[in-house]
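The values are calculated or read from the model by the stated rules, or taken from the named source; none is laboratory data. Just so it is clear, the model here is predicted, and its values are computed rather than measured. Cβ coordinates were reconstructed from backbone atoms using ideal geometry, including for glycine residues, and neighbour counts include every protein chain displayed. Areas reflect the complete protein model, heavy atoms only, side chains present, ligands, DNA and RNA absent. Shrake-Rupley method; radii C 1.70, N 1.55, O 1.52, S 1.80 Å.
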Amino acid sequence: MLNDSVELSTHQTGSLLFSHEKAYNEFTKAKTWSHISAGTGVIGAGLIAVPLVTMAFGEQGGWGLVAGGGVLLTVGMISNWVYKGRAFGAIELYNEDLPQKSSRIKPEFQFYGTGARLVIKF
């Protein structure tokens, strides 16, 4: 968020950081980790759901799929932590040249409906 009132999307944040080359490069690396997190999370959830749905219809569930899905969900969570760290690092790189450093950075990860978003207040 900018000035505690205007929410910025990931694309808008990238546009703001574009003028600072190091910060922008770090933010693009962070977005790559975000894509990895989203992909592994969706695939992991699907692998977990298949045996559960199969069992709901009275068949034997493949518990190996549940274990594989759990591993992918774990990889997704770790990738999300890396994403957050790199995104905050990019913002710190952008803000390091400012005369007054912002100590009010408040990260918040919000889930809504079928999606999620990272809100960064500074």
Test set (1) open to solvent by less than 50 Å² (accessible area, probe 1.4 Å); (2) closer than 26 Å to residue 115 by Cα; (3) of a type outside the set (Asp, Glu) - residue 20 fails condition number: (2)
Among all residue pairs at least 6 apart or on different chains, which show Cβ distances below 8 Å where the first residue, located in region 11-25, is over 12 Å from residue 89 (Cβ atoms) and the second is surrounded by fewer than 13 Cβ atoms within 10 Å (Cβ to Cβ) and charged (D, E, K, R)? 20/97
For region 110-121, does any single residue satisfy the condition of being among the β-branched types (Val, Ile, Thr), touching a helix residue (DSSP H, G or I) at 6+ places or on another chain (Cβ under 8 Å), assigned to a strand (DSSP E or B) and closer than 20 Å to residue 8 by Cβ? yes
Would you check if there is a residue in region 40-54 being closer than 30 Å to residue 17 by Cα and open to solvent by 60 Å² or more (accessible area, probe 1.4 Å)? yes
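Given the structure, is residue 91 surrounded by 14 or more Cβ atoms within 10 Å (Cβ to Cβ) and more than 21 Å from residue 9 (Cβ to Cβ)?
no
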Yes or no: residue 34 within 19 Å of residue 8 (Cα to Cα) and touching a helix residue (DSSP H, G or I) at 6+ places or on another chain (Cβ under 7 Å)? yes
